[in-house]
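This report concerns only the one structure given below.
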Amino acid sequence: MKLPIALFRHTVLVATVLFLSACSPKYDWREVHSDNASYVVALPTKPTTFSRKIDLNGIPASMTMVASEVDGVTFAVGTAELNDAMQAQVSATAMKTALVNNISGKIRLEKVLTMPQSMLVPGTVAVTEIEATGPTANGQTRILFARFIAKEKRVYQLVVTGPEKAVGRDIVDTFFQSFKLN
């Protein structure tokens, strides 16, 4: 009996999340499905959801954020729907600039990757990933890992940020790899 590829991917995601949660008791990974955008992601605690109006370099939008926090490290997915695909592309760049400015930071790594455009449809979408650092009020260094995706009229941002010493790349990878577009 053959399993559909979407069911197989979903099973692997759930198994990975369960395995990682057994290894790290402070991270209670759970699968979260978006109510307003078509994605699924694993978050380490029960998330909070909120929406607000934002300006993406002259483009007004309503952004919905789903976020959770563990020991001062924030995990978040933000989404906004724009009028057209070109605005989504421009908005992804504006999101990147705004996030780095929010931490008074500098980008130390930026790369472009691809990911499946959905669990059901073949093809890929481009993903811009950054790593940035900035100072905190107490003289520590804040680190920001973020991914930006524009698909059709929607833009997505995935963020992990916190004190540099508290943010392990393995936790960032777990979060980023759990994100799937439906």
- Note on the structure: In segment 32-57, anything at pLDDT 90 or above and open to solvent by less than 60 Å² (accessible area, probe 1.4 Å) is listed as Val32, Tyr39, Val40, Val41, Ala42, Leu43, Pro44, Thr45, Pro47, Ile54
- Message: Can you tell me which of (1) over 20 Å from Ala166 (Cβ atoms); (2) open to solvent by 50 Å² or more (accessible area, probe 1.4 Å) is the one Ser104 doesn't meet?
- Response: (1)
- Query: Of the residues that make up segment 112-122, is at least one at positive phi, open to solvent by 30 Å² or more (accessible area, probe 1.4 Å) and either at pLDDT 95 or above or not in a helix (DSSP H, G or I) (or both)?
  - Reply: no
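Rundown of residues vs (1) part of a strand (DSSP E or B); (2) closer than 26 Å to Trp29 by Cβ; (3) among the hydrophobic types (A, V, I, L, M, F, W, C); (4) touching a Lys or Arg at 6+ places or on another chain (Cβ under 8 Å), yes/no style:
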| site | (1), (2), (3), (4) |
| --- | --- |
| Phe75 | yes, yes, yes, no |
| Ala88 | no, no, yes, yes |
| Thr97 | no, no, no, no |
| Glu129 | yes, yes, no, yes |
| Phe148 | yes, yes, yes, yes |
| Val155 | yes, yes, yes, no |
| Leu158 | yes, yes, yes, yes |
| Lys165 | no, yes, no, no |
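The values are calculated or read from the model by the stated rules, or taken from the named source; none is laboratory data. None of the values given here were measured: they were computed from a predicted structure. No Cβ is skipped: glycine too gets one built from the backbone with ideal geometry, and neighbour counts run over all protein chains shown. For accessibility, only protein heavy atoms count, side chains too; no ligands or nucleic acids. Shrake-Rupley method; radii C 1.70, N 1.55, O 1.52, S 1.80 Å.
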